[in-house]
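**Q** To start, I am sharing the structure in question, which I have written as structure tokens.
The values are calculated or read from the model by the stated rules, or taken from the named source; none is laboratory data. Bear in mind that the values here come from a model prediction, so they are computed numbers and not experimental data. Glycine gets a Cβ as well: all are built from the backbone with ideal geometry, and neighbour counts include every protein chain shown. Just the protein is used for accessible areas: all its heavy atoms, side chains included, with ligands, DNA and RNA removed. Shrake-Rupley method; radii C 1.70, N 1.55, O 1.52, S 1.80 Å.
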Amino acid sequence: MSTNPYIKQTFNIQKQSQLIRKDFPLLNLYSGDNQLHYLDNAATSQKPQQVIDAISDCYQRVNAPVHRGLYALADESTTTYEKSRKKVAQFIGAPQSEQLIFTLSATESINMVAQGWLKHHLNAGDKVWVTGMEHHANLVPWQRVCKETGAELCFIELTEDGSLDLDNATELYSEKTRFIAMSHVSNVLGVINPVKEVTQRAAQAGIPVLIDATQSVGHIPVDVVELDCDFLAFSAHKMYGPTGIGALYGKADKLATMEPMLLGGGMVDEVGDYESSWASLPSKLEAGSPNLAGAIGFASAVDYIESIGLQTIESIVSELTEKALFALSNINGIKIYGPLDSERREGIISFNLDGIHPHDIAQIAGESNVAIRSGHHCCQPLMRRLGEVATVRASFAPYNIEEEINALLEVIETAQSIFMPR
Ligand SMILES: Cc1ncc(COP(=O)(O)O)c(C=O)c1O
């Protein structure tokens, strides 16, 4: 029996979470002592039956080449693909469907901007800014393009509590700055960054901004017109959709001047023996056979989120986060990274325990079916800034229940009793 007072505290079971949980077959595979406590949602979310059914229906009813056939079924597959684009585009407030490019992932979306757009707008001595908390996906592509062009990569550093230290990034909007790439929500600190403040100042200085919205779309409201960003990248699998499909939003003028990174079928207009011309948007940036089932699954994930309501999702996750932060911050020897104020966070909490390696905690958790993550979370530069090699990360989704916070607390207690016996 646990001795942690916070474990004994009886939380109100969130009825909505319980209902939402029923939609996720994988979570319901396990019951009783085997119950899976999936707290690795920042890595990938589970998929509701509605999304699984939509993908299955695609292969049972709609499957045919997209943009390539003249028969009725091919017509239907094309229409469904484009309807899916429209749905995802509308979800982020894109003015036109064509501004939403289906990609493999957020990673591919960011690489496309680095190689297909920024590379053609950078000269030696120019500056590209990122933050000290970026996922490798929103860092390594900019490192390469800076090396290739002789531009300088600059960092917005962090304050003690893991917020962006914008006050000290004095050169951010300088004449030399050609581009800013930043995450909306950190996948380690959970902090929600003031992206609007940056895009507003950047717009006045004529500097394009890319937002890595991989941890925000589907979790908190994201409207590209409101944010006034030039590019926005995200992945379906972090928002209850399938793996293997992501999206890139771009302002029309930016996408129009973007060079395709991938060349081949579907993205061309006229192909000669030695020269080719490109198709119009969005096809220009979607070479190869489109991912029909992925797009349908993506749109169905948006339908699912809308059926629950983004506000409901936000409030469930925020309540879980607040409770987890409260309980965790009362544990001896714990260090929690990022702001402790749950209002400034998404449902991601990274922490370390004195004298215990994060992998040991994750392993003990695994033995109790508590799925959490340990490691650098693809954020090695952030780890260096935190003075750590790794952290433990628990991340919440609306299907998580308060009982799962207790399961996590028990894991911590077990780890402390093994590694730090009194
Ligand atoms: C903040 C952030 N950006 C980018 C990515 C990359 O996403 P994907 O692996 O889906 O391309 C991730 C994935 O963890 C992420 O958390």
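**Q** Given labels modelled 7 Å from the Cα in the Cβ direction, how far is it in nm from Lys176 to His359?
**A** 4.0 nm
**Q** Putting +1 on Lys and Arg Cβ atoms and -1 on Asp and Glu Cβ atoms, find which of Leu262, Met239, Ser186 reaches farthest to the positive end of the dipole of the stretch 51-306.
**A** Checked the options; the winner is Leu262.
**Q** Kindly provide log₁₀ I(q)/I(0) values, in the same order as q = 0.13, 0.17, 0.21 Å⁻¹, from the Debye equation applied to equal alpha-carbon scatterers of the stretch 135-294.
**A** -0.73, -1.17, -1.53
**Q** Something else: On the protein heavy atoms, probe 1.4 angstrom, tell me the percent of accessible surface of the chain carried by carbon and sulfur.
**A** Values: 8930 of 18270 Å².
After summing per-atom areas, the C and S share lands at 49 percent.
**Q** Rg and Dmax of the stretch 22-71, Cα atoms, in Å?
**A** Using the Cα atoms of the stretch 22-71, the pair Rg, Dmax is 16.4, 54 Å.
**Q** Taking only DSSP H segments of four or more residues, each worth -39500 (n - 2.57), what value at 222 nm results for the chain once the sum is divided by all its residues, to the nearest 500 deg cm²/dmol?
**A** Details: 15 runs with 156 residues, N = 422.
So the helix-based figure for the chain works out to -11000 deg cm²/dmol.
**Q** From the protein chains alone at 1.4 Å, what is the descending order of accessible area for His359, His121, His136, largest first?
**A** Values: His359 95, His121 75, His136 45 Å².
My answer, sorted largest first, is His359, His121, His136.
**Q** How much net charge surrounds Ile356 when only the other residues with a Cβ under 13 Å from the Cβ of Ile356 are counted, with Lys and Arg +1 and Asp and Glu -1?
**A** Values: positive: Lys335; negative: Asp354, Asp360, Glu388, Glu413.
After counting each charged neighbour, the total is -3.
**Q** So what is the diffusion coefficient of the stretch 315-354 in µm² per second by Stokes-Einstein at 25 °C and 0.890 mPa s, using a Kirkwood Rh over Cα pairs? Before the final figure, lay out the partial values.
**A** Details: Rh = 10.2 Å.
Using the Kirkwood radius from Cα pairs, D works out to 240 µm²/s.
**Q** Only Lys, Arg, Asp and Glu count, each charged at its Cβ (+1, +1, -1, -1), so figure out the dipole size of the chain about its Cα centre, rounded to 20 debye. Present the calculation step by step, with values, prior to reporting the outcome.
**A** Values: 32 positive and 51 negative charges, 66 e Å.
Its charge dipole is roughly 320 debye.
**Q** Kindly report, to the nearest 10 Å², the accessible surface of Asp303 as traced by a 1.4 Å probe over protein heavy atoms only.
**A** Solvent-accessible area, nearest 10 Å²: 70 Å².
**Q** What distance in nm separates the simple spin-label points at Glu226 and Leu263, each placed 7 Å from Cα in the Cβ direction?
**A** Simple spin-label model gives 4.1 nm for this pair.
**Q** Kirkwood hydrodynamic radius of the stretch 233-345 from all distinct Cα pairs, in Å? Don't jump to the answer; show the numbers that get you there.
**A** Values: mean 1/r = 0.0557 Å⁻¹.
Answer for the stretch 233-345: a Kirkwood hydrodynamic radius of 17.9 Å.
**Q** I would also like to ask the following. Contact order normalised by length for the chain, with contacts defined as Cα pairs under 8 Å and 6 or more residues apart; what percent is it? Before the final figure, lay out each step's value.
**A** Numbers: 802 pairs, mean separation 96.4, N = 422.
Across the chain, relative contact order equals 23 percent.
**Q** Multiply the residue separation of Glu270 and Arg144 by 0.36 nm, subtract the distance between their alpha-carbon atoms, and state the gained length in nm to one decimal. Before the final figure, lay out the partial values.
**A** Details: separation 126, 0.36 × 126 = 45.36 nm, distance 3.14 nm.
Stretched fully, the Glu270-Arg144 segment lengthens by 42.2 nm.
**Q** Here's a follow-up. Assuming a ≥ b ≥ c are the square roots of the Cα gyration tensor eigenvalues, decide whether the stretch 340-406 counts as rounded (a/c under 1.5), prolate (otherwise, with a/b larger than b/c) or oblate.
**A** Judged from the Cα gyration tensor, the stretch 340-406 comes out oblate (a/c at least 1.5, b/c at or above a/b).
**Q** Taking 0.36 nm per residue of sequence separation and subtracting the Cα-Cα distance, how much length would be gained by fully extending the chain between Asn123 and Ile331, in nm to one decimal? Spell out each step's value before the answer.
**A** Numbers: separation 208, 0.36 × 208 = 74.88 nm, distance 5.08 nm.
Roughly 69.8 nm would be gained on extension.
**Q** Also, I was wondering about something else. Only Cα pairs within less than 10 Å get springs; with that Gaussian network setup on the chain, which residue of Ser97, Ser329, Ser277 has the largest fluctuation?
**A** With Cα springs under 10 Å in the chain, the top fluctuation among Ser97, Ser329, Ser277 is at Ser277.
**Q** Stretch Leu340-Arg384 to full length: gain in nm at 0.36 nm per residue minus the Cα-Cα span? Could the numbers behind the result be given before it?
**A** Working: separation 44, 0.36 × 44 = 15.84 nm, distance 2.05 nm.
Net length gain for the segment: 13.8 nm.
**Q** Report, in listed order, any pair from Lys15/Lys83; Lys176/Lys254; Lys176/Lys251 with a Cα-Cα distance greater than 24 Å.
**A** Numbers: Lys15/Lys83 33 Å; Lys176/Lys254 19 Å; Lys176/Lys251 22 Å.
From the list (Lys15/Lys83; Lys176/Lys254; Lys176/Lys251), the Cα-Cα distance tops 24 Å for Lys15/Lys83.
**Q** Using each residue's phi in the stretch 164-172, evaluate 6.51 cos²θ - 1.76 cosθ + 1.60 at θ = phi - 60° and report the 3J(HN,Hα) Karplus result to the nearest Hz, with x for Gly and Pro.
**A** 6, 8, 5, 4, 9, 8, 5, 8, 4
**Q** Cut-off 10 angstrom, C-alpha nodes, Gaussian network model of the chain. Which of Thr103, Thr214, Thr78 fluctuates the most?
**A** Result: Thr78 has the largest fluctuation of those listed.
**Q** Could you give the C-alpha radius of gyration of the chain expressed as a fraction of 2.2 N^0.38 Å, taking N as the number of residues it contains? Before the final figure, lay out each step's value.
**A** Working: Rg = 22.4 Å, N = 422, 2.2 N^0.38 = 21.9 Å.
My calculation over the Cα atoms of the chain gives 1.02.
**Q** So in the stretch 51-306, what percent of DSSP beta bridges are antiparallel if you round to the nearest 5? Write down the numbers at each step before the final one.
**A** Values: 13 of 28 bridges.
Antiparallel: roughly 45 percent of the beta bridges in the stretch 51-306.
**Q** Could you report the stretch 25-91's accessible area per residue, 1.4 Å probe, as an integer in Å²? Walk me through the numbers before you get to the answer.
**A** On the way: 3650 Å² over 67 residues.
About 55 Å² of surface per residue is accessible.
**Q** Residue by residue through the stretch 153-163, what is 3J(HN,Hα) from phi via Karplus (6.51 cos²θ - 1.76 cosθ + 1.60, θ = phi - 60°)? Round to whole Hz and write x for glycine and proline.
**A** 8, 10, 10, 7, 7, 10, 7, 3, 8, x, 8
**Q** Also, I was wondering about something else. Rounded to the nearest 0.05, what FRET efficiency is calculated for Gln60 and Leu26 with R0 set to 25 Å and r the Cβ-Cβ distance? Let's see the in-between values first.
**A** Numbers: r = 21 Å, r/R0 = 0.84.
Efficiency, from the Cβ-Cβ distance: 0.75.
**Q** Also, I was wondering about something else. Charges at C-beta only: +1 for Lys and Arg, -1 for Asp and Glu. How large is the resulting dipole of the stretch 259-411 about its Cα centre, in Debye rounded to 20?
**A** On the way: 9 positive and 22 negative charges, 124 e Å.
Here the stretch 259-411 has a charge dipole of around 600 debye.
**Q** Only Cα pairs within less than 10 Å get springs; with that Gaussian network setup on the chain, which residue of Ser374, Ser186, Ser276 has the largest fluctuation?
**A** Among Ser374, Ser186, Ser276, the largest mean-square fluctuation in the Gaussian network model of the chain belongs to Ser276.
**Q** Same structure again: Just to be sure I follow: if Rg is taken over the C-alpha atoms of the stretch 50-161 and Rh is the Kirkwood radius over the same atoms, what is Rg/Rh?
**A** Working: Rg = 19.6 Å, Rh = 17.2 Å.
Using Cα coordinates only, the ratio equals 1.14.
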